[in-house]
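All of the numbers you see were taken from the coordinates with simple rules; none came from a lab. Only a predicted model underlies this, so the values are computations on that prediction, with no experimental measurement involved. All Cβ positions, glycine included, derive from the backbone under ideal geometry; neighbour counts span all protein chains shown.
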Amino acid sequence: MSPFHYQNGRLHCEAIPLNDIAEAAGTPVYIYSQSELLRRAKTYMEGATAVSPQALVCYALKANSNPHIIRLLAQAGLGADVTSGGELFLALEAGVAPEKIIFSGVGKRRDEIEMALRANIRALHVESEMELAVIGEVATEMQQVTAIGVRINPNIRAETHPYISTGQHEHKFGVPLEKAVAMLHHAANHRWLQPVGLAAHIGSQIEDVEPFMESAEFLAQTARQLAAEDLELAYVDVGGGLGIRYTDDGQDSLERIQLWLTAVSQPIIAANLNIVMEPGRSVVGPAGVLLTQVIYTKQQGDRHFVITDAGMSDLIRPTLYKAYHAIWPVVEVPRTLQVQGTVDVVGPICESGDFLAKERPLPPTEPGDYLAVMQAGAYGFAMSSNYNGRLRPAEVLVNDHQFHTIRQRQSYQQLLDGCTYPPS
């Protein structure tokens, strides 16, 4: 059962009515279910280790980098996939073991590489020949043997939004097969580099498992080719990208995670290799909602607008990807109440692209009502901003009958953080 459900006419997260949280923490506010986070983490951990006791599940911090959430997932056994020095800092701060951290990303700066070497993380995943050269220089200067993997671009097409498709040659990520093999051999002959892995990531929010299986088979075949050339790797990293169901019923089955695990692991285990994976959205997405309050409503021509205190600065996915999020009223509406027409749920930002939903059949809504934007645990707060001078929202974690603020709402004074006035 979803942790978000109606009870006595009120929408709850676990055992807490969402309107209680709104009254205590204000809106907009992100609300997460601890039980759902841990249930999804457990599904990944049990499924992965059943396939291989040495399997490593690295949570992709880009989906949601709240330190308390990272800590909960680390305590559940997950490592971390990071893409910047900032995410590496957050992973270490939250208690992720360095040997469970993979550093991905196409544009690692020299200072970030130095930071990773000082932390002695599991591996840096390299995405270009120039980057490999810089890592070699830094490793030589620090006289530290540095584990590297190479991200291969398998040129596999997957059905998703073009902005989050990453596995074809037209994309900036990874390198082609021939170049990946050459880079791994170069690392093997370098005094301070140790090639340990081969990685791929074909995109995000992909619901079909076939492209994942194709990518895993490609990786396994490449690893066998390298072994025949006397280059044995420690693991193959199948990436992440499993989509979730942004459906009106708010449900996303754990069976889909198990199906994905089976699909990606079979080729790797058949090649007698260890497996690493990097789930993000499928861990945290269904565990969170964005709670917002209706400020005004208005009719303009044939459009009916519901104006809320949350907008694209809080959740940019609808604007950026035309993404669909179900929207539920916090007060349950009787089934006998007919929905008259559709509404656009829009925010307060000075952009026509500022919306949470368009032409959505919602029950009658009045100022002061609360609405829950569902499946918002991933790429919600993580992509929020201060555009239009908006304060980034609070984040709240619910644990059964208790809830705690795990990030305070920004204050106006914090909009000045780091700013200085030059001498007059």
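Worth pointing out:
- Peptides 110-116, 203-209 ordered by average Cβ neighbours within 10 Å, highest first: 203-209, 110-116
- Across the range 289-424, the relative contact order, built from alpha-carbon pairs under 8 Å that are at least six residues apart, equals 27 percent.
- Of all DSSP beta bridges in the chain, antiparallel share, percent nearest 5: 50
- Gaussian network model of the chain, springs between alpha carbon atoms under 10 Å - residue of Asn64, Asn272, Asn388 with greatest fluctuation: Asn388
- Using the Cβ-Cβ distance between Ser253 and Leu231 with R0 set to 56 Å, the FRET efficiency from 1/(1 + (r/R0)^6) comes to roughly 0.90.
- Counted charge near Leu320, where neighbours are those whose Cβ lies closer than 15 Å (Asp, Glu -1; Lys, Arg +1): +2
- DSSP finds beta bridges in the range 34-285, and of those with both partners inside it, around 5 percent are antiparallel.
- Whether the range 25-90 is rounded, prolate or oblate, judged on the alpha carbon gyration tensor where a/c under 1.5 counts as rounded: oblate
- Modelled spin-label separation between Ala97 and Lys322, with each label point placed 7 Å from Cα along the Cα-to-Cβ direction: 4.6 nm.
- Among 79-87, 184-192, sorting by the average number of other beta carbon atoms lying within 10 angstrom of each residue, highest first, gives 79-87, 184-192.
- Scoring 253-266, 120-133, 222-235 by mean Cβ neighbours within 10 Å over their residues and listing the highest first yields 120-133, 253-266, 222-235.
- The range 129-149 and the range 1-56 have Cα centres spaced 40 Å apart.
- Cα-centre dipole for the chain with unit charges at Cβ (Lys and Arg positive, Asp and Glu negative), debye to 20: 380
- For the range 7-73, with +1 on Lys and Arg beta carbons and -1 on Asp and Glu, the positive-most of Tyr59, Ile70, Tyr32 along the dipole: Tyr59
- Per-bin percent of Cα-Cα distances, the range 34-285 [10 Å]: 8, 33, 39, 18, 2, 0
- If you sort the three axes of the alpha carbon gyration tensor as a ≥ b ≥ c, you get a/c of 1.5 or more for the range 1-113 and a/b no higher than b/c, which makes it oblate.
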